[in-house]
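The structure under discussion appears below in the form of structure tokens.
The values are calculated or read from the model by the stated rules, or taken from the named source; none is laboratory data. Please read these numbers as outputs of a predicted model, since none were measured by experiment. Glycine gets a Cβ as well: all are built from the backbone with ideal geometry, and neighbour counts include every protein chain shown.
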Amino acid sequence: MAGVAEVRKPRSRVVRGVYFTLGLVCLGMAYLSFLPGIPTFDFVILAAFFFARSSDRFHTWLMSHRIFGRIIRGYRSEGFSMRTKVLASLAVVASLSFSMFVLIANGWLRLILAAVGVYAVWFIMSRPTQKAP
């Protein structure tokens, strides 16, 4: 892929197998992101990391995926559009709010989730913003 440095793969087939398995697990978790509290962004980025170190075929597929490829490219270089940042932040807030007020009754856990939410929104907003064409 143009603009992306070649990643050195481990020589050990076992290590590459572990990376590949972790990539599949992360990708599976990304597909479960419609559930409250499960982020898409983090798992897609991790899947790309693991596939880059284990499988050219899966890494290429992930990078050319209609949705996931945009997430990875935006994270790596281009930045995200402000619309994407706002939508991602709203998704985090909605997911964590649902978890905090419907699924969890413990006040301390609610406080921890709120702190995680503040950090997640800060992280999303701190990524580079695409320049308008």
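Taking the conditions exactly as written (closer than 22 Å to residue 122 by Cβ, of a type outside the set (Asp, Glu), modelled with pLDDT of 85 or more and in a helix (DSSP H, G or I)), does residue 87 satisfy them or not?
Here the answer is no, as residue 87 does not meet what is asked.
Residues being touching a helix residue (DSSP H, G or I) at 6+ places or on another chain (Cβ under 7 Å), over 26 Å from residue 50 (Cβ atoms) and assigned to a helix (DSSP H, G or I): count how many of those fall in segment 90-113.
Looking only at segment 90-113, we keep the residues that are touching a helix residue (DSSP H, G or I) at 6+ places or on another chain (Cβ under 7 Å), and these are 92-93, 96, 99-100, 104, 110, 113.
After this cut, where a residue has to be over 26 Å from residue 50 (Cβ atoms) as well, the list is 93, 99-100, 104, 110, 113.
Of the ones still in play, those that are also assigned to a helix (DSSP H, G or I) are 93, 99-100, 110, 113.
Count: 5.
How do the pairs read when you match residues in segment 63-85 that are under 12 Å from residue 47 (Cβ atoms) with residues anywhere that are acidic (Asp, Glu) and loosely packed, with under 14 Cβ neighbours inside 10 Å, using Cβ under 8 Å and keeping only pairs 6 or more apart or on different chains?
none
Would you say residue 23 is in a helix (DSSP H, G or I), at pLDDT 85 or above, small (Gly, Ala, Ser) and closer than 19 Å to residue 130 by Cα?
Criteria not met by residue 23.
Looking only at segment 42-65, count how many residues are in contact with a helix residue (DSSP H, G or I) (Cβ under 6 Å, 6 or more places away or on another chain) and either not in a loop (DSSP other than H, G, I, E, B) or not assigned by TED's automatic domain parsing to the domain that holds residue 20 (or both).
The number of residues fulfilling the criteria is 13.
Please go through segment 91-123 and give me each residue that is farther than 19 Å from residue 32 by Cβ and of a type in the set (Phe, Trp, Tyr), ordered by number.
Correct list: 101, 108, 119, 122, 123.
For segment 40-68, which residues satisfy the criterion of being of a type in the set (Asp, Glu) and under 14 Å from the mean Cα position of the chain (by Cα)?
Correct list: 42 only.
Within segment 96-133, track down each residue that is without any contact (Cβ under 8 Å) to a residue 60 or more places away in the chain and under 16 Å from the mean Cα position of the chain (by Cα).
Selection gives 116, 117, 119, 121, 122, 123, 125, 126, 127, 128.
Which count do you get for residues in segment 62-83 that are within 18 Å of residue 31 (Cα to Cα) and surrounded by 14 or more Cβ atoms within 10 Å (Cβ to Cβ)?
8
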